[in-house]
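> The structure under discussion is supplied below as structure tokens; questions concerning it will follow.
Nothing in this text is a laboratory measurement; each read-out follows from the coordinates by a stated rule. These numbers were taken from a predicted model, which means no experiment stands behind them. Backbone-built Cβ (ideal geometry, glycine too); neighbour counts: all protein chains shown.
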Amino acid sequence: MADIVIENAVKRFGNFVAVDNVNLTVEDQEFVVLLGPSGCGKTTLLRAVAGLGMVDEGRVLIGGRDVTYLPPRDRNVSMVFQNYAIFPHMNVYDNIAFGLKMRKAPKQVIEERVHDAARLLHIEDMLDRLPSAMSGGQRQRVAVARAIAVESDVLLMDEPLSNLDALLRLEMRAELKTLLNRLGATTIYVTHDQIEALSMGDRIAVMREGRILQIDNPTRVYDMPVDHFVGSFIGNPPMNFLRGQVQRHDGSVRVMINDFALTPSAEIQPLLHAYDGKEVLVGIRAENMETLSAPADDALEVTVDVVEPLGAHNLLTIRVGESTIKVSTHPDFVVAPQDKVWLRFPPHKIRWIDSDTKRAISPDLETLVA
């Protein structure tokens, strides 16, 4: 196996910059997810690693070897595509064996690796079957088996589960993570599904407009977004953002949300001093607010608009002045539309955002960016 290093990569299509000076290192046997909305450059970057689209500037190294201008066959990488890309006229055995035959592997090696890969993907009893006689999930298993059979240095996966239905996607996600952990393959996985990214990757690289905004482990990306976009893109529901006015009061700082005074943590107080009299965004996850049924001095009074019982929790849509936020409560918390409730904001769960730059106000900001 090998590490992957992308240095100052730029890829243009005419005047459009699809990849904008990206630097990324994927360690040996690491699983990194490229996450972002459609058109953010994640697939273009993946194809540059695969050799299916050369970068205009920068370098790509695999295992310390510069492969920037090498064709795909000379990079020792395998790729799984969104649309399976298996041959309809070949049976499962021949589809899995295709890459090995192209590399002129001995017949015995082909036989062993095809059966090993088929067993890992639970399709060993389908080797004589044509793709037309298989479900979408089974065809995707064939595509993954073909990729792992060649035992490449690097495995690249471009939204491999996006064509599957929700239940099958959940099943395949767990199986694929188990498989890749067992293989120890150096993997780059592209998706626009943040649940896939959070549940599968060792690290997540969040992309937007050709750039990596933040790269870190899933927990830190979720809890400590580097800016408003990352917070609003990651999570279901996404992070809430309320407008607050910073005020210095008796030597400390408080943030006013309408008539409610919120006291920031001691760690963030020095940074907010510079925002005295200015507006900031108060970011907090739906599950991180404490919901009370009675008034409290340190809780904000709000009105419930919608109650969605979701089994494990209730999701409330709540009005805060002119804003609307989502709040997750225990299923036993009894509440109805138009009821008054009170929200308590744990200071250590708040993410403070500069309302002008949309960047996080944080002492650890530099450790979070790419």
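> Taking the simple approach of a point 7 Å from Cα along Cα-to-Cβ for both Asp276 and Arg73, what is their distance in nm?
7.0 nm
> Identify which of Ile86, Ile212, Ile234 has the largest mean-square fluctuation in a Gaussian network model of the chain, with springs joining Cα atoms closer than 10 Å.
Most flexible of the set in this elastic network: Ile86.
> Of the peptides 13-23, 116-126, how do they stack up when ordered by the mean number of other Cβ atoms within 10 Å, highest first? Present the calculation step by step, with values, prior to reporting the outcome.
Working: 13-23: 14.7, 116-126: 17.5.
The most tightly packed comes first, giving 116-126, 13-23.
> Averaging sequence separations of C-alpha pairs under 8 Å and six or more residues apart, then dividing by the length of the chain, give the relative contact order as a whole percent. Before the final figure, lay out each step's value.
On the way: 757 pairs, mean separation 58.1, N = 370.
Computed over the chain, the figure is 16 percent.
> Distance cut-off 32 Å, Cα to Cα: go down the list Lys42/Lys177; Lys11/Lys349; Lys107/Lys177; Lys42/Lys358; Lys42/Lys278; Lys11/Lys177 and report the pairs above it.
Values: Lys42/Lys177 20 Å; Lys11/Lys349 38 Å; Lys107/Lys177 30 Å; Lys42/Lys358 22 Å; Lys42/Lys278 36 Å; Lys11/Lys177 30 Å.
Distance filter (> 32 Å) returns Lys11/Lys349; Lys42/Lys278.
> Further, regarding this structure: As a check on your grasp of the helix formula, calculate [θ] at 222 nm for the chain: sum -39500 (n - 2.57) over DSSP H runs of n ≥ 4, divide by the residue count, round to the nearest 500. Spell out each step's value before the answer.
On the way: 9 runs with 89 residues, N = 370.
Taking each H run of at least 4 residues, the total per residue is -7000 deg cm²/dmol.
> Using a simple charge model, +1 on the beta-carbon of Lys and Arg, -1 on the beta-carbon of Asp and Glu, nothing else, what dipole does the stretch 242-370 show about its Cα centre, in debye to the nearest 20? Intermediate values should be presented prior to the final figure.
Numbers: 13 positive and 19 negative charges, 44 e Å.
In total the dipole reaches around 220 debye.
> Using DSSP, restrict attention to beta bridges with both residues in the chain and report what percent are antiparallel, rounded to the nearest 5. Could the numbers behind the result be given before it?
On the way: 60 of 78 bridges.
In the chain, approximately 75 percent of DSSP beta bridges are antiparallel ones.
> Further, regarding this structure: Which one, Val334, Ala274, Ala294, is farthest towards the positive end of the dipole of the stretch 240-367 when Lys and Arg carry +1 and Asp and Glu -1 on their Cβ?
So the residue we want is Ala274.
> On C-alpha positions alone, give me the angle between the axis of helix 107-120 and the longest principal axis of the chain, in degrees, nearest 10.
Helix 107-120 and the main axis of the chain meet at about 30 degrees.
> Normalising by the residue count of the stretch 1-82, find the relative contact order in percent from Cα pairs under 8 Å and 6+ residues apart.
Values: 136 pairs, mean separation 26.9, N = 82.
Once divided by the residue count of the stretch 1-82, the mean separation gives 33 percent.
> Quote the charge dipole size of the chain about the Cα centre in Debye, to the nearest 20; the model charges only the Cβ of Lys and Arg (+1) and of Asp and Glu (-1).
Details: 39 positive and 50 negative charges, 222 e Å.
Dipole of the chain, to the nearest 20 debye: 1060 debye.
> Follow-up question, since we're still on this one. Hey, in the GNM for the chain with a 10 angstrom Cα cutoff, which one of Thr357, Thr44, Thr324 fluctuates hardest?
In this elastic network of the chain, the residue with the biggest mean-square fluctuation among Thr357, Thr44, Thr324 is Thr357.
> Anyone know which of Met90, Met289, Met54 comes out most mobile in the 10 Å Cα GNM of the chain?
In this elastic network of the chain, the residue with the biggest mean-square fluctuation among Met90, Met289, Met54 is Met90.
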